[in-house]
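The values are calculated or read from the model by the stated rules, or taken from the named source; none is laboratory data. Keep in mind the model is a prediction, meaning the values are calculated, not measured. Note that each Cβ is placed from the backbone with ideal geometry, even for glycine, and that neighbours are counted across all protein chains shown.
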Amino acid sequence: MSAIQIILISAFLFTALYYFVRLRNRIADVLLLFILAAGAVIFILFPDWTNFIAQKLGVGRGADLVFYICIVLFCFVILKLYSRMRRLEQQITEIIRKETIEKAEVKE
């Protein structure tokens, strides 16, 4: 095992552990994270597999396949953050609306 493999595996495992301990969320998110981390570790340990899978999928190189997967995951993260932001905006709107109604009733 080369040094870069050790560094990358450590980074992925640290990220997964940090996410699980500090940012607990729905069980589906945790499961997805561990599947992605396991896939990353497998691709780091066996880089030839990425080339093999890429050729079976019609992609030229394994690096291109990993890049495409990252783009898809990035879009997923953006959509997840956007939906969370919208939900928070709606909650803030409801809280402000309730406070405004309560203040108007007190003045009357």
Of residues in the stretch 7-26 being modelled with pLDDT of 75 or more and surrounded by fewer than 13 Cβ atoms within 10 Å (Cβ to Cβ), the one nearest to R84 (Cα to Cα):
F14
Close pairs from the stretch 58-82: first over 16 Å from A40 (Cβ atoms), partner among the small types (G, A, S), Cβ under 8 Å, at least 6 apart:
G60/A54; R61/A54; D64/A54
Of the conditions (1) farther than 21 Å from M1 by Cβ; (2) in a helix (DSSP H, G or I); (3) small (G, A, S); (4) at pLDDT 80 or above, the single one that G60 does not satisfy is (2)
With respect to I101, determine if the residue is in a helix (DSSP H, G or I) and under 17 Å from F12 (Cβ atoms).
no
